[in-house]
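Undergrad: There's a structure below that I have some questions on.
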Amino acid sequence: MAVVRLFASAREAAGLSVDRIDGQTLAEVLDEARRRYGERFAAVLTHSRVWVNGQPADVREPLKDADVVAVLPPVSGGSDTGTVAVAVAEAEARKPLEEPLPFTKVESDKSASGWFRPPDIEGALARLTRPAPVAEPELNGKRAAAAVPREPLTVVPDTDKPHVRLGLAWTLVTVAAIAGGQTTLAIWLSVVAALAAVQVTRVWMERRERPVSYVAVAGAAAMPLAAIGGLDALNTVIVLVLVATIVARVSTVTKAPSRDVALTLMIILPIGLATAAPVLLRHVGVAAPLALFAFAAAYDVGNYLVGTGAANEWEGPVAGIASIVCVTLFVAVLIPSFGSAGPFLLGLVSAFFAPLGPLAASIVLGDRDAKAPALRRIDSLLLLAPVWAWLAAVLLR
């Protein structure tokens with residue numbers, strides 16, 4: 001079923017005549033609209049622009065449930081599309097954010113083509129800040145674990161998978177990779193980065209976005225491998241990834257190439273840096289990357305064990321930070337090379353950045369409820385790993 005917005009003139013745009021019409025394609029929806037509204041609408045339609053979800057569309061385009069179809073008639077005096085689009089955006093802003101806003105402001109006919117279409121910030125915020133659904137009580141007499149309404153961007157661990165066993169497996173394989181040497185660690189984290197990039201790219205493409213998928217996956221996987229050669233090699237790969245993304249999008253023109261490039265880099269850089277940082281640390285020995293993963297794992301364990309059954313969304317992160325305090329004491333005793341104050345400084349950095357990692361992952365996904373298990377496995381490292389690695393390298397000089 002499509003939501004159709006119809007305007008007989010620009011003055012009526014603010015009023016928003018809205019109807020819901022069933023149809024598999026845009027052509028079917030428009031045919032049904034002609035049948036409902038008669039010859040006057042059919043005459044207006046012959047001179048109108050038709051957009052789907054804020055973008056010009058072909059009549060053969062298939063539609064999904066809740067797609068928004070807008071019929072925009074010509075308007076005299078200046079940029080017709082800009083006038084109507086702004087009216088729609090303002091009217092939509094007064095409504096509850098039940099769906100991503102279908103239109104953004106258009107300044108001219110050139111921008112109406114989508115070449116410089118700005119990111120759908122309102123839609124992303126709507127997905128990130130929507131309240132979590134509340135679970136219904138079970139009918140078999142058992143008490144249901146009702147979901148607690150969450151604050152914007154809050155990420156609460158779920159229990160729909162064997163997270164404890166998966167976490168143990170992740171820890172064992174990662175520790176073995178660290179012990180195996182820098183190359184072994186780089187290969188393992190490259191696989192993890194590639195999986196995370198594939199999952200994030202799929203999430204965005206399901207929303208009809210156009211990140212350069214093969215560059216996103218290859219770039220994220222290449223960064224931990226490049227870290228074997230040190231910081232200079234990693235910086236070189238980052239520059240090459242930027243150039244490859246721009247060239248790939250310029251060679252295949254889309255409606256919003258600048259947006260596609262930004263989205264591709266938003267996928268590559270957080271994942272790539274989070275997985276490259278431990279490999280860089282492996283240059284200085286085995287203790288530093290082990291300590292980094294110990295801090296991240298301590299936060300994840302505390303957050304998961306307490307957060308899954310907590311009445312408040314802040315209880316899990318607080319428990320994770322408390323776990324970091326325990327690890328800090330062990331690091332201070334077992335790794336004297338960090339100095340007397342170094343472990344406490346590293347623990348403070350971990351306590352600040354580890355809780356922000358899941359929120360950063362939600363921003364990378366554009367939706368806190370989107371499924372990307374590989375990204376969620378390393379989300380506490382997204383911000384922590386690069387900062388922690390830089391600070392540890394300074395302390396170990």
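The values are calculated or read from the model by the stated rules, or taken from the named source; none is laboratory data. All figures in this text were calculated on a predicted structure; none of them were measured in a lab. With ideal geometry, Cβ positions are generated from the backbone for all residues, glycine too; neighbour counts draw on all protein chains shown.
Undergrad: Only one residue in ALA227, ALA186, ALA196, ALA177 is in contact with a Phe, Trp or Tyr (Cβ under 8 Å, 6 or more places away or on another chain), buried (at least 21 other Cβ atoms within 10 Å of the Cβ) and part of a helix (DSSP H, G or I). Which one?
TA: None of the other options fit; the residue is ALA177.
Undergrad: Something else now. Checking the condition buried (at least 21 other Cβ atoms within 10 Å of the Cβ), within 30 Å of GLU209 (Cβ to Cβ), of a type in the set (D, E, K, R) and modelled with pLDDT of 90 or more, which residue from ARG368, ARG376 passes?
TA: Step by step, each of ARG368, ARG376 is checked, and only ARG376 is buried (at least 21 other Cβ atoms within 10 Å of the Cβ), within 30 Å of GLU209 (Cβ to Cβ), of a type in the set (D, E, K, R) and modelled with pLDDT of 90 or more.
Undergrad: Please verify whether THR252 is modelled with pLDDT of 95 or more, out of contact with any Pro (no Cβ under 6 Å at 6 or more places or on another chain) and either farther than 28 Å from ALA169 by Cβ or surrounded by fewer than 16 Cβ atoms within 10 Å (Cβ to Cβ) (or both), treating the condition exactly as stated.
TA: no
Undergrad: Kindly establish whether ALA296 is crowded, with 23+ Cβ neighbours inside 10 Å, at pLDDT 90 or above and in contact with a Gly (Cβ under 9 Å, 6 or more places away or on another chain).
TA: It is true that ALA296 is crowded, with 23+ Cβ neighbours inside 10 Å, at pLDDT 90 or above and in contact with a Gly (Cβ under 9 Å, 6 or more places away or on another chain).
Conditions (1) outside the structural domain of THR254 (by TED's automatic domain parsing); (2) at pLDDT 75 or above; (3) among the hydroxyl-bearing types (Ser, Thr, Tyr), marked per residue:
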| site | (1), (2), (3) |
| --- | --- |
| LEU16 | yes, no, no |
| ARG35 | yes, yes, no |
| SER76 | yes, no, yes |
| THR81 | yes, no, yes |
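Undergrad: Of the residues ALA351, ALA374, ALA297, only one is in contact (Cβ under 8 Å) with a residue 24 or more places away in the chain and more than 30 Å from ARG202 (Cβ to Cβ); which?
TA: Sole residue among the options that is in contact (Cβ under 8 Å) with a residue 24 or more places away in the chain and more than 30 Å from ARG202 (Cβ to Cβ): ALA351.
Undergrad: To continue, here is another question. SER340 fails exactly one of the following numbered conditions: (1) free of Cβ contacts under 8 Å to residues at least 24 places away in the same chain; (2) in contact with a Ser or Thr (Cβ under 7 Å, 6 or more places away or on another chain); (3) more than 13 Å from ALA291 (Cα to Cα). What is the number of that condition?
TA: (2)
Undergrad: Still on this structure, please answer the following. Considering only segment 309-324, I want to know if a residue exists there that is surrounded by 14 or more Cβ atoms within 10 Å (Cβ to Cβ), under 27 Å from ARG397 (Cα atoms) and either of a type in the set (S, T, N, Q) or at pLDDT 90 or above (or both).
TA: Among the residues of segment 309-324, at least one is surrounded by 14 or more Cβ atoms within 10 Å (Cβ to Cβ), under 27 Å from ARG397 (Cα atoms) and either of a type in the set (S, T, N, Q) or at pLDDT 90 or above (or both), which makes the answer yes.
Undergrad: Kindly indicate the residue of segment 206-224 that is under 17 Å from ALA374 (Cα atoms) and of a type in the set (A, V, I, L, M) and also surrounded by the most Cβ atoms within 10 Å (Cβ to Cβ) among those meeting that condition.
TA: Here the residue is ALA220.
Undergrad: When segment 326-347 is examined, which residues are found to be loosely packed, with under 15 Cβ neighbours inside 10 Å and hydrophobic (A, V, I, L, M, F, W, C)?
TA: Those that are loosely packed, with under 15 Cβ neighbours inside 10 Å and hydrophobic (A, V, I, L, M, F, W, C): CYS326, LEU329, PHE330, VAL333, LEU334, ALA341.
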